[in-house]
Amino acid sequence: MTSQKTYPYEDATDRARGVADVTSDRLKDAGDKAQQMAYDMAEQTRQYGQKAQDAARQFKPFLERSMKDQPMATLAGAALIGFVLGALWKK
């Protein structure tokens, strides 16, 4: 009967490898989730940008007509919008 001697550090090494493997898997999962989140945010930003461009295209004829028919009212409206945006920006 041969007895094989086990050294305590072998168990510690196996445990350390197990912990390293689990940690590596979790970091990979976290990286994958972060990458998916970044992709989703980029896609949502692109969609919002497209909607803003569409709204600007629809607003342009209204603005041009307003500038032609009522230039002072249009200027006052633009000044009011600028004031509100400036106040919001300052906060």
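The values are calculated or read from the model by the stated rules, or taken from the named source; none is laboratory data. This one's a predicted model, so the numbers in the text were calculated from it and none came from an experiment. Here Cβ is always computed from backbone atoms with ideal geometry, including for glycine, and neighbour counts include all displayed protein chains.
Restrict the check to segment 56-64 and report whether at least one residue is assigned to a helix (DSSP H, G or I), in contact with a helix residue (DSSP H, G or I) (Cβ under 9 Å, 6 or more places away or on another chain) and not aromatic (Phe, Trp, Tyr).
Let us first name the residues in segment 56-64 that are assigned to a helix (DSSP H, G or I), namely 56-64.
Keeping just the survivors that are in contact with a helix residue (DSSP H, G or I) (Cβ under 9 Å, 6 or more places away or on another chain) gives 63.
Applying the additional criterion that residues be not aromatic (Phe, Trp, Tyr) yields 63.
Yes: segment 56-64 contains one or more residues that are assigned to a helix (DSSP H, G or I), in contact with a helix residue (DSSP H, G or I) (Cβ under 9 Å, 6 or more places away or on another chain) and not aromatic (Phe, Trp, Tyr).
Checking each residue in segment 1-32 for being of a type in the set (Ser, Thr, Tyr) and either modelled with pLDDT of 85 or more or assigned to a loop (DSSP other than H, G, I, E, B) (or both) picks out Thr2, Ser3, Thr6, Tyr7, Thr23, Ser24. Pairing each residue of segment 17-43 that is free of Cβ contacts under 8 Å to residues at least 60 places away in the same chain with any residue that is exposed (fewer than 10 other Cβ atoms within 10 Å of the Cβ), provided the two are 6+ apart or on different chains, yields no C-beta distance under 9 Å.
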